[in-house]
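I have placed the structure first, in the form of structure tokens, so that the comments after it can refer back to it.
The values are calculated or read from the model by the stated rules, or taken from the named source; none is laboratory data. Keep in mind it's a predicted model, so treat the numbers as computed, not measured. Cβ placement follows ideal geometry from the backbone for every residue including glycine, while neighbour counts extend to all protein chains displayed.
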Amino acid sequence: MGAEHSLYLTKEEERILDGEHGWASQICMKILVKLGELFDATKLIPINSAHVSGVSYKTLGDASVEFLDALANAGGKAKVKATLNPQSFDMEYLRKRLGESLWLKQLNVIRHFEKMGFQQSFTCTPYYLETPRQGSHLAWAESSAVVYANSVLKAWTNREGGPSALAAAIIGKTPDHGVHKPENRRPTVLVKLETRLRSEIEFGALGIFLGKTLDNKIPAILGLKNASKEDLKQLGAALASAGMANMFHLGEKSAEPRELEKVSVEVADIRRTIENLTTSSKANPDLVFVGCPHCSLKEVREIADMLGGRKVKEGMELWVCTSRFVKEKAKEYVEKLEKNGCRVITDTCAVVTWTEKLGIKTIMTNSAKTAHYAPTLNKAEAILASLRKCLNTALEG
Ligand code: F3S
């Protein structure tokens with residue numbers, strides 16, 4: 001046990017904390033030790049990967065950029081595979097439209113990460129680039145990816161903040177607390193779904209409803225049948241944006257044999273949540289945005305199939321956001337989509353770019369997470385609608 005902290009550190013970790021490996025490692029170790037103490041962790045554990053948020057200059061702030069600058073210049077280097085969340089630009093469309101001065105600020109942030117060896121992934125779905133192994137420990141900071149990793153992929157990660165994920169990447173470890181411990185992964189509330197969910201917006205609405213109702217309790221959801229991984233992605237992203245739960249379970253087995261608090265979700269709860277997320281009464285949005293969280297290959301293909309050969313209406317904007325990795329894999333569908341006036345945008349999304357500077361005041365989306373954030377982060381009104389309705393609106397106006 002060290003003299004000034006309650007965490008057990010190995011000799012090597014103590015040396016890092018004492019500054020023997022330089023300032024960058026020392027400050028990162030200090031962040032991890034502080035965090036560990038805060039959550040009563042007894043030790044640090046190795047991680048397989050880190051995923052860092054706070055990459056978009058729009059949400060970052062200058063103090064954080066200064067910290068990144070100092071860390072990169074002091075020789076900070078990622079020790080494990082480390083990926084980055086979306087930034088505020090894509091390399092083509094938004095770069096042209098938002099102008100050089102903001103781009104240079106964003107580029108400065110990117111260069112710092114590059115210098116520290118972070119993969120230029122710029123996606124909130126790092127699990128499509130490489131799926132983490134079941135049971136592997138991670139330090140991920142994107143809340144939608146955290147819930148997906150824990151609940152669908154059965155990997156183990158707390159919801160890190162930008163700085164703690166960064167520190168974990170550089171040290172290659174994270175404090176052993178929260179859902180890194182098996183006893184903290186068990187469900188704490190039983191949710192009985194009394195209705196059948198029929199579209200991705202209903203899965204998202206369930207997530208928002210549960211996030212608001214349960215806060216950080218871990219639900220075991222009963223009655224959810226035939227959910228695709230993409231549906232669960234919507235559910236998890238929404239759950240994490242409205243509450244603090246880091247995971248959910250599906251099915252009766254996950255909750256046995258304990259007596260748990262019970263919550264029922266009726267069709268009226270889902271309907272009311274969708275209505276509340278729709279803050280605009282307009283039928284015509286300035287932007288139709290799908291791809292929150294970033295689209296999978298399957299979703300890009302589905303969108304291309306649904307659009308068929310039809311063209312986006314003149315004056316309408318349809319953004320499909322995904323990662324560079326998926327865009328490359330989906331080439332044939334992307335070509336079709338772009339030929340028909342859809343913008344397949346990588347590296348960013350409507351929420352973390354400056355939509356207000358593009359004059360966008362109303363956003364139609366099939367993502368409950370985007371609808372939840374648009375009024376505050378984009379100063380825009382939201383319309384939550386199914387993918388089919390989103391695409392029809394982009395085609396017909
Ligand atoms: Fe991803 Fe942007 Fe949504 S970062 S989860 S697409 S708000």
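Quick look at the values:
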read-out: Any hit, segment 7-18, residues being farther than 11 Å from ALA168 by Cα, more than 24 Å from the chain's Cα centre (by Cα) and at pLDDT below 95; value: yes
read-out: Members of segment 293-316 that are closer than 22 Å to PHE122 by Cα, surrounded by 20 or more Cβ atoms within 10 Å (Cβ to Cβ) and not polar (S, T, N, Q); value: PRO293, HIS294, CYS295, GLU299, VAL300, ILE303
read-out: Segment 138-177: number of residues that are assigned to a strand (DSSP E or B), away from the ligand (no atom under 16 Å from the Cβ) and either of a type outside the set (A, V, I, L, M) or outside the structural domain of CYS124 (by TED's automatic domain parsing) (or both); value: 5
read-out: Residue check for LEU153: crowded, with 22+ Cβ neighbours inside 10 Å and under 17 Å from the mean Cα position of the chain (by Cα); value: no
read-out: Test: residue in segment 183-195 that is of a type outside the set (D, E, K, R) and within 16 Å of the ligand (Cβ to nearest atom); value: no
read-out: Positions within segment 38-55 being surrounded by 15 or more Cβ atoms within 10 Å (Cβ to Cβ) and outside any strand (DSSP E or B), in sequence order; value: ALA41, ILE47, ASN48, SER53, GLY54, VAL55
read-out: Residue check for ALA394: assigned to a helix (DSSP H, G or I), more than 23 Å from the chain's Cα centre (by Cα) and surrounded by 21 or more Cβ atoms within 10 Å (Cβ to Cβ); value: yes
read-out: Residues (within 10 Å of the ligand (Cβ to nearest atom) and crowded, with 24+ Cβ neighbours inside 10 Å) located in segment 350-377; value: ALA350, VAL351, VAL352, THR353, THR365, SER367, LYS369, THR370, HIS372, ALA374
read-out: Elements of type strands (runs of 3 or more DSSP E) in segment 239-357, at least 3 residues being more than 21 Å from the chain's Cα centre (by Cα); value: 261-265
read-out: Close pairs (7 angstrom Cβ cut-off, 6 or more residues apart or separate chains): free of Cβ contacts under 8 Å to residues at least 40 places away in the same chain and surrounded by 16 or more Cβ atoms within 10 Å (Cβ to Cβ) in segment 119-136, outside any loop (DSSP other than H, G, I, E, B) and among the aromatic types (Phe, Trp, Tyr) anywhere; value: TYR127/TYR148
read-out: Number of positions in segment 178-210 that are in a loop (DSSP other than H, G, I, E, B) and either touching a residue at least 12 places away in the same chain (Cβ under 8 Å) or under 30 Å from PHE118 (Cβ atoms) (or both); value: 10
read-out: Sole exception among (1) at negative phi; (2) at pLDDT below 95 for ALA245, by number; value: (2)
